[in-house]
1. Only one residue in Ile125, Ile148, Ile84 is aliphatic (A, V, I, L, M) and more than 19 Å from Leu21 (Cα to Cα). Which one?
2. Specify which of the listed residues (Thr133, Thr71) is closer than 23 Å to Asp191 by Cβ and of a type outside the set (Gly, Ala, Ser).
3. Residue check: is Asp97 touching a helix residue (DSSP H, G or I) at 6+ places or on another chain (Cβ under 8 Å) and either closer than 24 Å to Pro163 by Cα or at pLDDT 95 or above (or both)?
4. Does Phe49 satisfy being part of a strand (DSSP E or B) and in contact (Cβ under 8 Å) with a residue 12 or more places away in the chain?
5. In segment 1-37, what residues are surrounded by fewer than 20 Cβ atoms within 10 Å (Cβ to Cβ), touching a residue at least 40 places away in the same chain (Cβ under 8 Å) and within 15 Å of Leu62 (Cα to Cα)?
6. Within the group Lys201, Lys213, which residue is farther than 22 Å from Leu120 by Cβ and either basic (Lys, Arg) or over 16 Å from the mean Cα position of the chain (by Cα) (or both)?
7. I'd like to verify a number: residues in segment 183-212 that are under 17 Å from Arg172 (Cα atoms), β-branched (Val, Ile, Thr) and surrounded by 18 or more Cβ atoms within 10 Å (Cβ to Cβ), how many?
8. Run Trp139 past the list (1) out of contact with any strand residue (DSSP E or B) (no Cβ under 8 Å at 6 or more places or on another chain); (2) under 26 Å from Tyr11 (Cα atoms); (3) at pLDDT 95 or above; (4) not acidic (Asp, Glu) and report the number of the one that doesn't hold.
Amino acid sequence: MRAVFYGGGYYEDNVDLHRELVRLSETKKPRITYIPSASDYGMVDFPDFVNSFRKVGKCSFLYFPVDRTVTPRLMREAMASEVIFLSGGNTYGFLRDLRRQKLITALRDRAKNGTVMSGLSAGGILLTPSIQTASFPSWDRDENHVKIKRLDALGICNFDFFPHYSNSERYRKELSGYSKKSGRTLIATPDGGGLVVDEDKMSLYGRCTRFHKGHVIKV
């Protein structure tokens, strides 16, 4: 698996992660499929996304909104990209729309076949086994306005991901408690930080914190 998880922040603040994303693609001019969490969000977000990658190198882009009708041709082109990027937004609504478009299996297959997967905030959570980390803490969570009950996600990695992390006691308490219940490692990253997975190698950017079975492991 090759993947980049973005903790959040403006795209221009994540240039180091952009460089890693392009490097993992192993091509001089990768094509990046940008999947917004919602069309309205994406129309505002996408230009900033494209402009931030101009600082990195030559890339081409495909805009692929999944809350609209998707043609077979657009689906084929989107899945043929070297990189697939899932945007931020509401994690629950995003997962619902991916399921409606029957994209869960397709995205898993692309990850297995070498496509570089990436996501910012909600998009990063969707790459993990479950989107449950979007449900807490009470002061910083997504609302399940679409009322989905199944929280299983793409599961292309075996750890959990928590974006927009603030290194405070109340956050540490919530996240360590979750990691104890889940039994999985949870990696929390702040805005402007993230992690890069290149097969068996993991590199962390920014002031990230690992949680494992209730224990806090500062990095």
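The values are calculated or read from the model by the stated rules, or taken from the named source; none is laboratory data. Keep in mind the model is a prediction, meaning the values are calculated, not measured. With ideal geometry, Cβ positions are generated from the backbone for all residues, glycine too; neighbour counts draw on all protein chains shown.
1. Values: Ile125 fails: more than 19 Å from Leu21 (Cα to Cα); Ile84 fails: more than 19 Å from Leu21 (Cα to Cα).
After ruling out the rest, the residue left standing is Ile148.
2. Working: Thr71 fails: closer than 23 Å to Asp191 by Cβ.
Selected residue: Thr133, the only one of Thr133, Thr71 that is closer than 23 Å to Asp191 by Cβ and of a type outside the set (Gly, Ala, Ser).
3. Details: touching a helix residue (DSSP H, G or I) at 6+ places or on another chain (Cβ under 8 Å): no; either closer than 24 Å to Pro163 by Cα or at pLDDT 95 or above (or both): yes.
Criteria not met by Asp97.
4. Numbers: part of a strand (DSSP E or B): no; in contact (Cβ under 8 Å) with a residue 12 or more places away in the chain: yes.
Criteria not met by Phe49.
5. Answer for segment 1-37, where residues must be surrounded by fewer than 20 Cβ atoms within 10 Å (Cβ to Cβ), touching a residue at least 40 places away in the same chain (Cβ under 8 Å) and within 15 Å of Leu62 (Cα to Cα): just Arg31.
6. On inspection, the qualifying residue turns out to be Lys213.
7. Here the count works out to 3.
8. With respect to (1) out of contact with any strand residue (DSSP E or B) (no Cβ under 8 Å at 6 or more places or on another chain); (2) under 26 Å from Tyr11 (Cα atoms); (3) at pLDDT 95 or above; (4) not acidic (Asp, Glu), Trp139 is out only on (3).
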